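Okay, so here's the structure we're looking at.
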Amino acid sequence: MPLLPRRWRLPYLALLTVIGLLLSASALEAYRLGGGTRPWEPFLWEFSSVLVIGALAVGIHALVGRLRGRPWPQQLGAHALALPVFSGLHIAGMFGLRLLVYGLVGVDYRPDDVSTLLIFEGGKDAVSYISFCLISRGIWMAHAAEQARLELAELRLARLADQVQPHFLFNTLNLISSVMYEDVPRADRLLCQLADLLRQTLAAQQRAEHSVREELALVQPFLALMQARFGPERLVVQIDAEEAALDCRLPSLLLLAPVENAVKHDVARHRGRVTVVVAATREGERLQLRVSNHGDTAVPESPPDPDGGFGLRNLRERLEARYGGAAHVDFGPDGSGMRLQLDLPCVS
């Protein structure tokens, strides 16, 4: 792992440049008041110090990271050894750059004697070193907290995904059980179809996420199974997916519970034909998913759960764990049926 990740290199260089310019502007005013005649000198003095310290600060950050978790006496001993090294490198690098530039432009430059430099610069370096250590420790602590949050979110996602499978299996077996004593060969076919579907869902459950295309490959056989259960004249299935949306990724088995609820609860609430629609569209970098059902004649036997029951609560928690506030869920009545609308980032 590089000392400074690539994405931070340009912002870090920009920060050093801004600091150097601010210090140079302040030093320039004092330089002019002191009778200086070469305006570039304050810029050379400040930038030579800022650039060397900026490079050394990256090493301090790495050292603080390596010392994390070690006993305090070991950490203090390591910093006691690193501080004079930091100061020596800073002084050597800073005055090395100044002597180089002065030599290139043909101007004589005579710094103070070594003992004076060590005393004057060493005190400032001690303050700088301690400040960098404290800042770095805060950064590492924030990084550790973020890693812990991500790991906790992954564990939560795994727990929520594990809840889907037994719930789905229980409800599906309940649907099939109603025909066990009416049509045994038909029930046998349904159980074979269910076994095939379970093999696919178990494989999908091993992955934290997959594409919309792969999710629909699980939804379609489930709906086919439910059509065989209720009959095509009772349950009509419509799947509309834009090509641009098929490669977007989403948590595995995300749509299975909403589709299951649409069949289990809403088909029972209608006397006539019910149409279940699963749609996927893409708008820019957003993925829109919709699961809806509409019946010819609605007969609500009891008010539907406004939260959508277990499946929808599970879905909300999974989206919250995966996307935070970037995903939105809209669930409610839609004419003679119900509609679930998901709006989440499209990650390919």
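The values are calculated or read from the model by the stated rules, or taken from the named source; none is laboratory data. In this text the structure is predicted, and so the values were computed from the model without any measurement. Cβ atoms come from the backbone with ideal geometry, glycine included; neighbour counts cover every protein chain shown. When the accessible area is computed, the model is the full protein with side chains, heavy atoms only, and any ligands, DNA or RNA have been set aside. Shrake-Rupley method; radii C 1.70, N 1.55, O 1.52, S 1.80 Å.
Simple spin-label estimate for Lys264 and Leu22 gives 5.9 nm between the two label positions (7 Å along the Cα-to-Cβ direction from each Cα). Rounded to the nearest Hz, the phi-derived 3J(HN,Hα) couplings of segment 41-49 under the Karplus curve 6.51 cos²θ - 1.76 cosθ + 1.60 (θ = phi - 60°) are 4, x, 5, 5, 4, 6, 5, 4, 6, where x marks glycine and proline. Give the calculated FRET efficiency between Asn174 and Arg234 to the nearest 0.05, with a Förster radius of 25 Å applied to their Cβ-Cβ distance. Working from the Cβ atoms, E equals 0.90. Carbon-plus-sulfur accessible fraction, the chain (probe radius 1.4 Å, protein heavy atoms only): 62%.
Remark on Ser252: its backbone amide H falls under 5 Å from those of Glu209, His210, a criterion applied only to residues 5 or more positions apart or on other chains, H modelled at 1.01 Å from N.
Against the main long axis of the alpha-carbon atoms of the chain, helix 114-177 sits at an angle near 0°. Taking the charge dipole of the chain about its Cα centre, with +1 at Lys and Arg Cβ atoms and -1 at Asp and Glu Cβ atoms, the residue from Gly59, Gly77, Thr37 reaching farthest to the positive side is Gly77. For Rg and Dmax of the Cα atoms in Å, the listed values are [x] 20.3, 70; [y] 19.2, 62; [z] 33.2, 106; which was obtained by calculation from the structure presented? After the calculation, the listed value that fits is [z]. The phi-based Karplus calculation (6.51 cos²θ - 1.76 cosθ + 1.60; θ = phi - 60°) puts the 3J(HN,Hα) values of segment 83-94 at 4, x, 5, 4, 5, x, 5, 4, 5, 5, x, 4 Hz, whole numbers, x for Gly and Pro. Applying 1/(1 + (r/R0)^6) with r as the Cβ-Cβ distance of Arg286 and Asp108 and R0 = 45 angstrom yields a FRET efficiency of 0.10. Label positions at Leu10 and Arg199, each projected 7 Å from the Cα along the C-beta direction, are separated by 5.0 nm.
Every pair of different Cα atoms in segment 16-123 enters the Kirkwood calculation, which places the hydrodynamic radius at 15.7 Å. Cysteines of the chain lacking any other cysteine Cβ under 4.7 Å from their own Cβ: Cys133, Cys192. Which is the longest part of the chain that has none of the GluC sites (Glu not before Pro) sitting in a DSSP loop with at most 10 other Cβ atoms within 10 Å? It runs 1-181. Remark: the chain carries 55 Å² of accessible area per residue (probe radius 1.4 Å; ligands, DNA and RNA excluded). Note the angle between two axes, namely the Cα long axis of helix 309-323 and the longest principal axis of the Cα atoms of the chain, as a number of degrees from 0 to 90, rounded to the nearest 10. Helix 309-323 sits at roughly 20 degrees to that axis. Each Lys and Arg adds +1 at its Cβ and each Asp and Glu adds -1 at its Cβ; summed about the Cα centre, the chain shows a dipole of about 620 debye.
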